[in-house]
Each structure stands twice: as C-alpha cells, then as structure tokens.
Amino acid sequence: MASALINTTEELQNWFHQSGVSDPLHTCIGPLPLSKASLGRWSCNRPDERIHSNFPHPDCYRIAVMLAPLEARIWDAGSPIWGGMIAANRFRICPPGESGSWRRMSACDIVNIFIPITFVDQFAALRGDDKFNNSALSATSFTHDKQVLELVHQMLDARVIAGPLATQVCDSAMTILVSYLLEHYSRPQVQDESTGVAGLSGARLRKILAFMAEHLDAMTSNAQLAAICNMSEAHFSREFRRAMGLPPHQYMMKLRLEHACLALLQEDARIVDIAYDCGFNNASHFTRSFAAQFGMPPAQYRMQKRCAN
C-alpha cells in the first residue's frame, strides 16, 4: 500500500491478502466518506497452521471481531498474547503499528475494522481527553461486548437496512462505535495533580493482578479489590477496565478459565474438582462458562486436546 491509511477498496483487499487471507472477502466496505474507516469480513471452513504476519497498520486502530469460534495462536512483536480457543462474538482492539503474527487451527469467520487515528483523536478531543502516547484506545484481549457486536452487525447489514444509504449508515455506526470505545476502552489517564485522583497502572496494577491470580478459588468482590488499591469501588472498576480492557469480574473469569484449561490438560482430576479449585460453586456453572469462552464443554476440550497430542 502506498500509505499506512487504507484509501481504496483495493488496498483493503490487499491488506487481507498480505496478512495470509487467500479466500475472497464476503464483505468489503470503505473507505467511508466521513470517518475514512474500512471494514472487511472473511470466512474459511478449513484450518491453516502456517504462521502469517499481519500487514502493518500504523495510522489505524484495527478492531478484530470473531463471529465464530476460532482456535488460534497470536503473537505481538514475537511475544505470545493468545493461545487456544476464542469464543464466538468476541472482539479485540489492536493498537496502531502492531506487528503481529498468527496461526489458525480451525475454521473462522472474522471481521476486521480499520479506524484512522485522526478520527479517534477527533472524538477524544471533543471529550476533553488528553493524548497519551498518541493512542487514545487501549489494546485489549478478546472481550464480549453486546454493544460493539450490535454496531458491527449494523455495518454488515447496512445494505439491507438502508439500501442506497448504506455508507451513511456505516459512517453513523462507526461514529457511535468510536464514541463507545472511547468511553469504555480508553487508555488510563495519569494522576491529575489538581485533584489527586490516580489511575490504575504501574506497581498498583501489578499488585492487584498478582492478588487476583493468587486468589482464583475465592469469591472476591470489587469492593475488596478496590480496598487493596485504596480506591472507591466505582473508581476502581472504571480504571481497571481502562487498564485491562475488561471489568474486574470478567478478567477474573478469564483467569479462572485459563487456569482450568491448564488443569484439564496437565492433571487427571475430576472436572468437578477442577471447577471448585478455580472458584466455581458447581460443575454446571463451570461447564456453561467454559463452553461460552472456548466453544466446547471442558470434557470435550480435554479429550480433543489429548487426542491431538
């Protein structure tokens, strides 16, 4: 591509092809007239275990949305950031300039949305946000958010919804999406010296993450976590989400399920015992939560992985 921005439909298609997508795109939208954002959707019914590198996008945020369960390995600058099953209807914010690579071990149905930094910064300024390392939105792990998914589906269905006005519908949905992401997934702000209100970062964040990792089997409330940080419960919850991209209870659930995955593969313990060790009150709750996250119940996950190995 001639520039880091996607300026034509052909450049959007080129990004997918250079990032390892060989199948035709089901949807190819943009650049949109107002936001200059672009959107592409592709699916494949077979795995591809080759390692592919994502083509750079330094002038855009990339929102990756999984519409179907996906088993994958993902690296950013050589460091692993995901390994295993990604449940359907999860999304991740990829920061500008992310130099990632990935391997896909299952079929997929993926949407990638490219939003120019300038468009995000425009709305961040309207909110009165201070710039933080020229990046207003936080990178996130794969997260379920009903509002984000509804807006993505509005864009995908824009021609059915509005016919000739489809691009206007997409631009409106993109404006709402950026406003929503800034409200709920913006980077943590540094302490305001005039008010003394601090965010959640550095040693304070490391302390709370270590506490959560060590107490997976306990029913820890947001109030208890906030007290460790000397914050009010509301302020703690808001700052934790800004720092980690997830509310505290969802992040704790993610840790518990990741620990359960390891236990299922490394131990011969009963599933009910693994459930209790990971902080679940009963096996049914554990099974439902595990299937929602990884696309299959724990017993099937254990059998499938052990057979594969």
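Numbers for the structure displayed
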| quantity | calculated |
| --- | --- |
| Within the accessible area of the range 232-309 (1.4 Å probe), percent carbon and sulfur | 53 |
| Theoretical FRET efficiency, 1/(1+(r/R0)^6), r = Cβ-Cβ of ARG288 and HIS26, R0 35 Å, to 0.05 | 0.70 |
| Accessible-area order (highest first, 1.4 angstrom probe) of the listed residues ARG92, ARG238, ARG50 | ARG50, ARG238, ARG92 |
| Surrounding net charge for GLY279, when Lys and Arg each add one and Asp and Glu each subtract one, Cβ distance under 14 Å | -3 |
| Accessible-area composition of the range 78-173, carbon plus sulfur, in percent [1.4 Å probe] | 53 |
| Rounded accessible area per residue of the chain, 1.4 Å, Å² | 48 |
| Stokes-Einstein D for the range 36-127, Kirkwood Rh over Cα pairs, 4 °C, 1.567 mPa s (µm²/s) | 93 |
| Dipole magnitude of the chain, debye to nearest 20 (Cβ charges: Lys/Arg +1, Asp/Glu -1, about Cα centre) | 440 |
| Net charge over other residues, Cβ less than 10 angstrom from the Cβ of TRP42 (K, R count +1; D, E count -1) | -1 |
| Sites ALA227 and ALA68 - FRET efficiency at Förster radius 30 Å, r taken between beta-carbons, to 0.05 | 0.15 |
| Set of the range 277-304 residues, backbone N closer than 19 Å to the point 7 Å along the Cα-Cβ line of GLU267 | 277-291, 297-304 |
| R0 of 35 Å, Cβ-Cβ distance ALA166-ASP129: FRET efficiency to nearest 0.05 | 0.70 |
| Residue (of ALA64, MET85, ALA226) at the positive-pole extreme of the chain, dipole from beta-carbon charges | MET85 |
| ILE51 accessible area, assembled protein chains, probe 1.4 Å, Å² | 100 |
| Centroid-to-centroid separation of the range 252-284 and the range 1-78 [C-alpha atoms, Å] | 34 |
| Total formal charge among the other residues, if their Cβ is under 12 angstrom from that of LEU165, Lys/Arg +1 and Asp/Glu -1 | 0 |
| Under Karplus coefficients 6.51, -1.76 and 1.60, residue-wise ³J(HN,Hα) of the range 104-110 in Hz, glycine/proline x | 10, 9, 8, 5, 7, 8, 10 |
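The values are calculated or read from the model by the stated rules, or taken from the named source; none is laboratory data. Because the structure is a prediction, the values reported are computed rather than measured. Positions of Cβ are backbone-derived with ideal geometry, glycine not excepted, and every protein chain shown enters the neighbour counts. Accessible surface is based on the protein model in full, side chains and every heavy atom, while ligands, DNA and RNA are left aside. Shrake-Rupley method; radii C 1.70, N 1.55, O 1.52, S 1.80 Å.
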